[in-house]
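Below you'll find the structure, written out as structure tokens, and then a few comments.
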Amino acid sequence: MMTLLGWPLLVLLVVLAVAAPAGCLLAWGRLRGPRAVRLLGRLGLIAVCQTTALLLVGVVINRNLQLYASWDDLLGTGARDGEIQAMGPPDRGPHDGGSVGGGRQGTGPFRMDRRTRTYRAIVKGPKSGVTGEIRVWLPKEYADPAHAHRRFPVVELFPGFPGTPSTWFIGMRGGDQLAEAVKRGRGQAVLVAPMMTVQPGRDTECSDIPKGPKVATWLTDDVREIVARHFRVRTDGPAWAAMGYSTGGFCAAKLATQHPGRYRAAVSMAGYFRPTAPDLLRDPKTERANSPLTLVGRHPAVELLLAGSREDPGTVAAIQELLPKVKQPTRAFTYIVPTGGHNIQVWQRMLPKAYSWLAERLPAPS
């Protein structure tokens, strides 16, 4: 069977895309029968031409973006899981304690979006000056009277570029997946998904850009302050984790290693660890300051879960490039699945184990 990313399929579709219009021209005037039959036949010929062209375009796009690595990946069948493996020194045990968030409570500018079951607001960060969207998902335990005076740990979620916060609750089903994890006793947390593409079309890779938007300040300081003002969440570093996919995976690893006092752990799903944004590559100093490869070399006290797929070119290689730089007190774990391309279905399947891994590191509501 032809593989989805193989050359035979691409060559076949190129041949069909060329042959279909040629066949259409040859057959156009040779159709026989009543006028209605000839009309339907010609519409069929046009449909064949369009279908072959669309299939060719789809395969070319998929080859370039590596969205689906196999037919099973495309059809959602035959997916296989991997195991989380510790890479490095023994566990130091979960962090706990520390100060908890304060401030008045009440959802303030946040309004319930029933489609995603999240609270949504567009707010301006006091430190960064960035105006952006924040979505907050609350576990059902949040409304339990037994937890009325407790503050919850937080998992901050980052989408890929140019994704939006809602992707985490629609395509990724992040809230549903966490609710299932809680049922299995895998911890309780509030999910916070802030806008990271604060200027349309400009990929800052979650960084403070010289003479540009201060996206890292927005994500690490402002979002935390705004959410803590209106929801019962802890604000101490051991109670926050970062998680993202694709560019969001880069952001999660970058922000956790850049601001280790702000995050206990980070999960990077199909992320990369070398900056690619033009804003960061213009100046070597700025590039190094925002490169997880450099930041990990400073040995920040954080734990990283590095997830990737063997059929998603580059993700496993990026993980293998980062691992030798990990030294105590940094700890790294790998989660490599054997199949799947660079797409939401693959990352969605990674969520249960990612949540379980985070639950072992984040403190309980207190």
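For segment 249-288, residues that are in a helix (DSSP H, G or I), of a type in the set (D, E, K, R) and within 18 Å of the chain's Cα centre (by Cα) total 1. Filtering segment 120-148 down to residues that are under 13 Å from V233 (Cβ atoms) and free of Cβ contacts under 8 Å to residues at least 60 places away in the same chain, which residue is most open to solvent (accessible area, probe 1.4 Å)? The residue in question is W137. Just give me the residues in segment 1-56 being closer than 30 Å to H342 by Cα, of a type in the set (A, V, I, L, M), surrounded by 14 or more Cβ atoms within 10 Å (Cβ to Cβ) and free of Cβ contacts under 8 Å to residues at least 40 places away in the same chain, in sequence order. Matches in segment 1-56: L12, A17, V48, A53. Between L45, L74, L39, the distinction of being in a helix (DSSP H, G or I), modelled with pLDDT under 90 and aliphatic (A, V, I, L, M) belongs to L74 only. Within segment 123-169, the only residue that satisfies the criterion of being among the acidic types (D, E), out of contact with any helix residue (DSSP H, G or I) (no Cβ under 6 Å at 6 or more places or on another chain) and within 19 Å of C251 (Cα to Cα) is E156.
The number of residues in segment 197-209 being touching a residue at least 60 places away in the same chain (Cβ under 8 Å) and open to solvent by less than 10 Å² (accessible area, probe 1.4 Å) comes to 4. Within the bounds of segment 210-219, is there any residue that is free of Cβ contacts under 8 Å to residues at least 24 places away in the same chain and either open to solvent by less than 10 Å² (accessible area, probe 1.4 Å) or outside any helix (DSSP H, G or I) (or both)? Yes: segment 210-219 contains one or more residues that are free of Cβ contacts under 8 Å to residues at least 24 places away in the same chain and either open to solvent by less than 10 Å² (accessible area, probe 1.4 Å) or outside any helix (DSSP H, G or I) (or both). Inspection of segment 299-313 finds a residue satisfying the criterion of being touching a Pro at 6+ places or on another chain (Cβ under 8 Å), hydroxyl-bearing (S, T, Y), crowded, with 17+ Cβ neighbours inside 10 Å and more than 25 Å from Q258 (Cα to Cα).
Going through segment 289-305 one residue at a time, which ones are in a loop (DSSP other than H, G, I, E, B), within 10 Å of K325 (Cβ to Cβ) and either among the aromatic types (F, W, Y) or within 21 Å of the chain's Cα centre (by Cα) (or both)? Answer for segment 289-305, where residues must be in a loop (DSSP other than H, G, I, E, B), within 10 Å of K325 (Cβ to Cβ) and either among the aromatic types (F, W, Y) or within 21 Å of the chain's Cα centre (by Cα) (or both): there is none. In the set (1) touching a residue at least 60 places away in the same chain (Cβ under 8 Å); (2) open to solvent by 20 Å² or more (accessible area, probe 1.4 Å); (3) hydrophobic (A, V, I, L, M, F, W, C); (4) within 22 Å of A265 (Cβ to Cβ), F161 fails one condition alone, (4).
The values are calculated or read from the model by the stated rules, or taken from the named source; none is laboratory data. Keep in mind it's a predicted model, so treat the numbers as computed, not measured. Virtual Cβ from ideal backbone geometry, glycine too; neighbours counted across all protein chains shown. Heads up: the accessible areas ignore ligands, DNA and RNA and are worked out on the full protein's heavy atoms, side chains in. Shrake-Rupley method; radii C 1.70, N 1.55, O 1.52, S 1.80 Å.
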